[in-house]
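The block underneath contains the structure these notes are about, expressed in structure tokens.
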Amino acid sequence: YVGWNIIPPGDFYSGQQVQLSGGFWPFQETKTARMSAGDPRQSLEERYGTNAGYVCVVTRAANEAVTQRFLLQSDAQTLIADATASNVLTPPFTPTPEDVSLGNRLCSGHHE
């Protein structure tokens, strides 16, 4: 997330700030899409491997935020439910064996 929105090309004001309401640039789903787009950030596939890997990372982060008293337990439960119901790395995405291995490592608590 960023704290601004930029007017897209094709307008007299392109490149200028449109509002202070913020915007975001989503991660590419796959490494292939990321490389095609020239995005230097890791894709969802590279970060989480599978939907289960994503849910495990969100769950761990939400629970840690509760432990540190930065987040209420009820809010953590909402974030975890949202992650579980999300379409992150769900069909038509088909994980490779490497993706499954990464997702499993993230769920077992072993980070790369």
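Observations
- Annotation: amide H-H contacts under 5 Å for residue 28 (H modelled 1.01 Å from N, sequence separation of 5 or more, or interchain): 44.
- Nearest 10 degrees, 0 to 90: helix 73-85 Cα axis against the chain principal axis: 80 degrees
- Helical runs (DSSP H, four residues minimum) scored at -39500 (n - 2.57) apiece and divided by the length of the chain put the mean residue ellipticity at 222 nm at -14500 deg cm²/dmol.
- If R0 equals 41 Å, the separation of the Cβ atoms of residue 100 and residue 6 corresponds to a calculated FRET efficiency of about 0.60.
- Axis angle, to the nearest 10 degrees, between helix 51-67 and the longest C-alpha principal axis of the chain: 90 degrees.
- For the range 24-112, fraction of C-alpha pairs farther apart than 17 Å, in %: 53 percent
- Against the main long axis of the alpha-carbon atoms of the chain, helix 97-108 sits at an angle near 70°.
- Across the accessible surface of the chain, with the other protein chains kept in place and a 1.4 Å probe, carbon and sulfur atoms take up 58 percent.
The values are calculated or read from the model by the stated rules, or taken from the named source; none is laboratory data. Because the structure is a prediction, the values reported are computed rather than measured. So basically every Cβ, Gly included, is an ideal-geometry build from the backbone, and we count neighbours across all protein chains shown. For the accessible areas, the whole protein counts, side chains as well, though only heavy atoms, and no ligand, DNA or RNA atoms are used. Shrake-Rupley method; radii C 1.70, N 1.55, O 1.52, S 1.80 Å.
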